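Note sheet for the following structure.
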Amino acid sequence: MNKKKITGILLTLVLVFSADAFASDELGKAMEEKINNFPEDILEYIDDYVCGVIGMRFDVIVNINDANHIGEIAEYITDATRDVIGESNYSAVDVMISCNNGDDDLLSWHSTDLESGYLYSSSDDYPNPVPNVTISDLYDLNTKTPLPNAIDYSEKITELEARIEALESLLYSSDTIEKTTQNAGDDIILDSGTWIVGEDISPNKYDIECIDGNGSIKFYESYSTRKEKNYNYFEVYYMAASDNIMADHNIQTAHNIMLQKGNCIYIDSMSVKFIPKSVG
C-alpha cells in the first residue's frame with residue numbers, strides 16, 4: 001500500500017474516532033451552527049466535520065472535497081472558531097482542514113493559533129511539511145506560488161556529504177594515520193570494518209579465507225553505494241574460521257573475487273585473508 005493511500009486512510013480514521021471522542025458541549029453545538037450557516041457555495045466544498053472540547057482544548061476537524069478552495073474554507077473556519085471561543089475560557093484551539101482527493105492525494109493544514117500552521121501533503125509538489133503557512137498562502141496554492149519557509153534539506157544534505165567526502169580524503173591522505181599497506185602480489189589480512197579497494201587493498205582477483213571469527217563480508221561498487229543502501233552489494237559471503245563454523249551456510253573460503261579500484265568491502269565480526277590470484 002502506497003504512502004498516499006495510507007495517509008488517506010489515517011485521515012478517515014481521525015474523522016471517525018474524533019466524532020466518538022467529542023462529548024456533547026455548548027461550544028461544539030455553537031460551532032456546528034456557525035458552519036451550517038456558511039454560504040451554500042462554501043458548504044458544497046465541505047464533506048464532513050467534527051468539533052468540540054477535549055480537555056481544555058477546542059478542536060475543529062474539517063474534511064473538504066476541493067483543495068483549490070482550502071484558503072476560503074480556512075478563512076471561514078478560523079473566523080467562526082474565533083467567534084465561538086471568544087467569550088469562553090478555552091485558550092487552546094486546534095484546527096485541521098484536509099482534502100483527500102479521489103486520486104488519493106492528501107493536503108492538510110493544521111493550525112493552533114488560527115493565523116498560520118503547518119501544511120502537509122502527499123503530493124510531490126510539497127514533499128516536506130511546510131511551517132508558518134498563513135491563510136493567504138493557502139489562497140496562493142491555486143496559482144502554485146512557492147510557499148514561504150518551506151523545509152528543504154537538500155542543500156544541507158549536499159553540503160554535509162561534501163564535507164564528509166573531504167574529511168575522508170584527508171583521512172586517507174594523512175601520513176599520521178596508520179594504514180594497511182600491501183605490495184602487489186602479497187597476501188593481506190583485513191579485520192572487521194570498511195575497506196576501499198585502491199586505498200587499503202590493491203585491485204586484483206582474489207581467493208579469500210576466513211582466519212578468525214565468523215560473520216559476513218560484503219562487496220559494494222563504491223563507498224557511496226554502501227552509504228546509500230547497505231543491502232545494495234554485488235556479492236556477499238557468510239564465513240567462519242575452520243574452528244568456528246556454526247551453521248551449514250558458513251564457508252571458510254571463496255574464490256575468484258574480482259576487485260576493482262573504488263570498490264568497497266565491509267567485513268563484520270571476522271578477519272579475512274586475501275590471496276591474490278594474479279598481479280596487475
Check Ile251: other-chain or 5+ apart residues with amide H under 5 Å from its amide H, H built from backbone geometry? Tyr238, Met239, Ala240
Between Phe234 and Asp113, what length comes free when the chain is fully extended (0.36 nm per residue of separation minus the Cα-Cα distance, one decimal in nm)? 38.3 nm
If Lys and Arg each add +1 and Asp and Glu each add -1, what is the summed charge of the other residues whose beta carbon sits under 12 Å from the beta carbon of Asp94? -1
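Where a number appears in this text, it was derived from the coordinates with a stated rule and is not lab data. Since the structure is predicted, the reported quantities are computational estimates derived from the model, not experimental observations. Cβ coordinates were reconstructed from backbone atoms using ideal geometry, including for glycine residues, and neighbour counts include every protein chain displayed.
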